[in-house]
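Since the structure comes first, as structure tokens, the remarks are kept for the end.
Nothing in this text is a laboratory measurement; each read-out follows from the coordinates by a stated rule. Worth saying up front: this structure is predicted, and the values here are computed from it rather than measured.
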Amino acid sequence: MNKKLLLASVAFAGMGLSALAQAGPVCEAQKAAAPDLVEARDTDTAIEEVYSAIDENASSEASANVLKDSVAQIYADKSLDVDAATRLIGDNCEAKLDA
């Protein structure tokens, strides 16, 4: 996977969560990263590299942790396609940030 593309995608997905009221836009941004995250998994990009990109680009620890939880599930279940990964990310994000 192109590391610059992954970093750009993760940077967008990890953007801004200054208040829980902003969970909607953060979740939409995280869902938008699903194709790149599935590609990273399928091209054997190390999960640590993805986590590092998330940590470097997230503006909050909460949004970073939620996205990393989703990444772990995507990497653990190789049967997840982009649509399933998008739903998983959205469900995780909404459940954890939109409480």
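Taking 0.36 nm per residue of separation and subtracting the Cα-Cα distance, what length does fully extending Asp81 through Ser52 add?
8.2 nm
What are the ³J(HN,Hα) couplings of segment 75-89, residue after residue, when phi is run through the Karplus curve with 6.51, -1.76, 1.60 and θ = phi - 60°? Round to Hz, x for glycine and proline.
5, 6, 10, 5, 7, 5, 8, 4, 4, 5, 5, 4, 5, 4, 4
Measure out, as a whole number of angstrom, how far apart the alpha-carbon centroids of segment 60-94 and segment 27-41 sit.
8 Å
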